[in-house]
Every structure is written in C-alpha cells, then in structure tokens.
Amino acid sequence: MKDRKNTEGQPLSCPECLEGLQEYLDGTLEKQRSLLLFLHLRDCTECRREHDQLKNLYGMLQTLPDHPVPEHFDEPILASIPYEAYRAMEPIRRERVPVYLEEEFLPAWIRSSVVRWSGIVAAVGTVATTWALQLPPTVAIVGAVGLVPAVLVALQGVGRRMVLAEQRTES
Ligand SMILES: [Zn+2]
C-alpha cells in the first residue's frame, strides 16, 4: 500500500482531484478516496467549479427522459455510421486487433466520458427538439453528429470483440 499515493490520507492535488471527479459523482470511488475528494472540493474553488459543472451535466442527463424518444430515433444515427468504410476494411481487420481498434487509436478527448456524454446530451436534445417542434429531420441529423464520439468508442468496442471472437473460432 505504501507505494500507492494518497491511500494514507494526504490531501489531494488538483489534478488528482479532477481525475477522480467522474467516479466521485458516479459514486464508484472507493470510500477513502471519496472522502479526500470531498475535503479537497470543500477547500478548492477551482475544482468545486469543475465538480458543479459536471454535476449539472449529470443532472441534465437524468432529466432528459421527460421527452419520450421519438420513433425511428436511431435511424439517422445508424445511417450516419460509416458501415461501408468499416466493411471495406475487412481484410485489414483479420490480422489480430488492428491499430484502429486499439483504444489508444482514438484521441483521449473522444474517449473522455464527459465528451461522449455531452455529445449524447447535445444529440438527444436536438433530436427531441426537432421532434417536439416538428422541424425537418435534417436538423436531427445535424444533432446526431454529437453522437459521433460515443458511436466511435462503442463501434470500436464492438469491432474489437468481433475480431477477437473471429480469431477464437479460427484458431
Ligand atoms: Zn483543486
């Protein structure tokens, strides 16, 4: 335990605090760490602001299902996914897990769950608004672009599982 930082109760630095913020809000952070974060947030205005913003975002997510999801909600999204390009890469995909399926292939900001969730919020918001105001569906498609980071990450996960499953059946 000695080699792990901050298990003994030293105060957290700001980067350490921000790093644990998402888990802290999710309630998945271990108790001791969670307490340290709480104490840091109490004393640090900067981190508290960050915390409040993230918390608001999460709060927004929770209030979203006020609008029932419109029928065929997923069609423009699915249509925007470059399945063709994905299939065209079939031959490359056969050799082990290709680079583009490694998580590190996507820039960290895309993999960041804040970016992904913000994208989903933006997309769902646009689609819901489009539907509520009876705007042309093209507006919803524009909004669906917000889903791209989330879709990319999800697609990568699916791709990775497919490749690994394929290898398992071949060998
Ligand atoms: Zn701080």
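Listed by first and then second residue, the pairs with beta-carbon distance under 8 Å, at least 6 apart or on different chains, first residue in region 1-28 and near the ligand (Cβ under 10 Å from one of its atoms), second open to solvent by 90 Å² or more (accessible area, probe 1.4 Å) and modelled with pLDDT under 85, are Glu16/Lys5. Taking helices (runs of 4 or more DSSP H) as the structural unit, those lying wholly within region 1-84 and holding at least 3 residues that are under 21 Å from the mean Cα position of the chain (by Cα) and at pLDDT 90 or above correspond to 14-26, 45-63.
The values are calculated or read from the model by the stated rules, or taken from the named source; none is laboratory data. Just so we're clear, the structure is a prediction, and the values are computed from it rather than from any experiment. Note: ideal-geometry Cβ built from the backbone for every residue, glycine included; neighbour counts use all protein chains shown. For accessibility, only protein heavy atoms count, side chains too; no ligands or nucleic acids. Shrake-Rupley method; radii C 1.70, N 1.55, O 1.52, S 1.80 Å.
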